[in-house]
1. Taking springs between alpha-carbon atoms closer than 10 angstrom, which of 93, 15, 67 fluctuates most in the Gaussian network model of the chain?
2. What is the extension gain from residue 60 to residue 26, computed as 0.36 nm multiplied by their sequence separation minus the C-alpha to C-alpha distance, in nm to one decimal?
3. What FRET efficiency would be calculated for the residue pair residue 91, residue 38, taking the C-beta separation as r and a Förster radius of 22 Å, to the nearest 0.05?
4. Neighbouring Cβ atoms within 10 Å as the yardstick, rank 52, 69 fewest first.
5. Which of 104, 19 has the fewest other C-beta atoms within 10 Å, and how do the rest follow up to the most?
6. Relative contact order for the chain: what is it in percent, counting Cα pairs under 8 Å that are at least 6 residues apart?
7. Taking each pair of different alpha-carbon atoms in the chain once, compute 1/r for the pair, average those values, and report the inverse of that mean as the Kirkwood hydrodynamic radius in Å to one decimal.
8. What is the helix-to-structure angle for 79-93, meaning the angle in degrees between its Cα long axis and the longest Cα principal axis of the chain, kept from 0 to 90 and rounded to the nearest 10?
């Protein structure tokens, strides 16, 4: 495992606070984009969060994997739905996604699933 998913989540949270103080306008613009993109529309929030979790894995972005897996669980995704999203990420991302799939992605599911009763 690269790092503890909960520790990484805490780093993301504190990092966003620091970035907001250092570059508030741009940080807020990103947070607004995140919020707008994840609003329900033709796709519901859970589906959108599963998509971004798969993209984070396909891009092999550790902090994004942690944050997006947590977000998907919070939005109601199940472990199985996340595992199927991860399979799609491996399909598109190839062998580079295997390491993060069997470590950080699974660790994030196992770390945060109990927080949301899963």
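A short reminder: the numbers here are calculations on the coordinates, not readings from a lab. Source: prediction; values computed, not measured. FYI the Cβ positions are ideal-geometry reconstructions off the backbone, even for glycines, and counts take in every protein chain you see.
1. It is 15.
2. Gain on extension, residue 60 to residue 26, equals 9.8 nm.
3. 0.40
4. The order, fewest Cβ neighbours first, is 52, 69.
5. 19, 104
6. 32
7. With all distinct Cα pairs of the chain included, I get 14.5 Å.
8. Between the helix axis and the principal axis of the chain, the angle is about 90 degrees.
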